[in-house]
Each structure stands twice: as structure tokens, then as C-alpha cells.
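What follows is a single structure, written as C-alpha cells, with notes after it.
We did not get these values from a lab; they are worked out from the coordinates using the rules stated. As the structure is a prediction and not an experimental result, all values here were calculated from the model. Every residue, glycine among them, receives a Cβ derived from its backbone with ideal geometry; neighbour counts consider all protein chains shown.
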Amino acid sequence: MSENQDSGDAVAVDPQLLNSRDLAREALAEITDPQTIGADEGHEIHDAQTVTLYFECRLPGYPGWRWAAALARVNDELPVTVLEVELLPGEGAVLAPEWVPWSERLARFREAQARQTEEEKAAAESAAAELADEDDVDPDDDVMENDYSDFDDELDGVDVDEDDDSDDEDSDDEYDREDSDDEE
């Protein structure tokens, strides 16, 4: 039961248990840095002699978690004792997904592999059927034979067969001058 009990039977808890927050913090400090123990976050009453006190967890990476210290007092003559301390998930805590046995994970993997194989097989059959439907290819035609009649002798508007002698004379003169310089 928690501090907000739904049942009409309210348990009369020992007030000494609820006032033992310092003892709970000391016990928690044995397992964690005291700076990671935050503000009080309520309590849970188990019976008249047992209660769990909750504290905010300030550990990085543990949002929504809280520290818990279970306390008990057997009778009025004995002191309050610490039963256990632990870190528990609270509302909004990030938890690991539910464990799935290996046999189930393996079965799912095999099903996925079988589906993928079927999809690949269907795609291959579809491609083969598409190739078989191509009846417009004449077996007498040589697919490697190129038809160059579409090409023109002019490349980019320049006729390679056309020769301008005036350009040749100028360019020859330049080379002739370089050759004469080398001979000297």
C-alpha cells in the first residue's frame, strides 16, 4: 500500500518509521554518493511495522528512478532497522525491453529470412518473365553491329577534312623559330 491508500482499512503505522528519513539516507549513502540522493518522494506502508521511504535519484542517466529504503521496527522498545536499500524505477523511468527467449528470437529471424528469400525469388521470376516477353528482338540481327550512318563527319561544327593552309604556315613559322634558336 502507498501513502494514498485505496482501501478503507487504514494501517496505523509507527510514526517513528516515518520520521527515520535520516537513517534511510545514511543507509543509502553506504551504496551511493550522498549527492545522488535527492528530495523526499513519499513512502509506501507495508504494514504497521514496515515502511519503504523513497528519495529522488540524481544519478545522470537515471531519470524517473528513485532510491528506496525499507525500514522496520519490531516493537516500541527496539530501534528502527534498515531492511534493504535499492534503486527502483518510478513513473517515466527508462527500462530495458521485456526479455524474449532465444528460441523465439531465432524463430522470428528465420521467418524474416524466409520472407526475404521469397521476395527475392519473386523479383527474379518477374525479371525473367520480363526478359522472356521481349519478342521484338530478331535472332538474325547482330546486336554488336554498329550503324555509323547516323554520325556526321563534322565534329562540333568543325570539318576535320577541311585544311586551312594559312594556319599551317603561321604555326610552322613558330616552330621554325624555336628550332633555329635551339641550333644557336
For residue 20, the residues 5 or more places away or on another chain with a placed amide H closer than 5 Å to its own amide H are none
Under the Karplus relation with 6.51, -1.76 and 1.60 and θ = phi - 60°, whole-Hz ³J(HN,Hα) for segment 81-97, x at Gly and Pro, equal 10, 8, 7, 7, 10, 6, 9, 10, x, x, 5, x, 6, 7, 10, 5, x
In debye to the nearest 20, the charge dipole size for segment 6-104, taken about the Cα centre with +1 at each Lys and Arg Cβ and -1 at each Asp and Glu Cβ, equals 300
Expected sort for 112-123, 26-37 on mean C-beta neighbours within 10 Å, highest first, is 26-37, 112-123
Nearest-0.05 FRET efficiency for residue 94 and residue 129 at R0 = 45 Å, using Cβ-Cβ distance, is 0.35
Per its Cα gyration tensor (rounded if a/c is under 1.5, else prolate when a/b beats b/c, else oblate), segment 15-89 is best filed as prolate
Expressed as a whole-number percentage, the relative contact order of segment 15-89 with C-alpha contacts under 8 angstrom and at least six residues apart is 28
Residues meeting the amide H criterion for residue 41 (H placed from the backbone, H to H distance under 5 Å, 5 or more places apart or on another chain) are 54, 55, 56
The summed charge of the residue 63 Cβ neighbourhood (under 11 Å; Lys/Arg +1, Asp/Glu -1) stands at 0
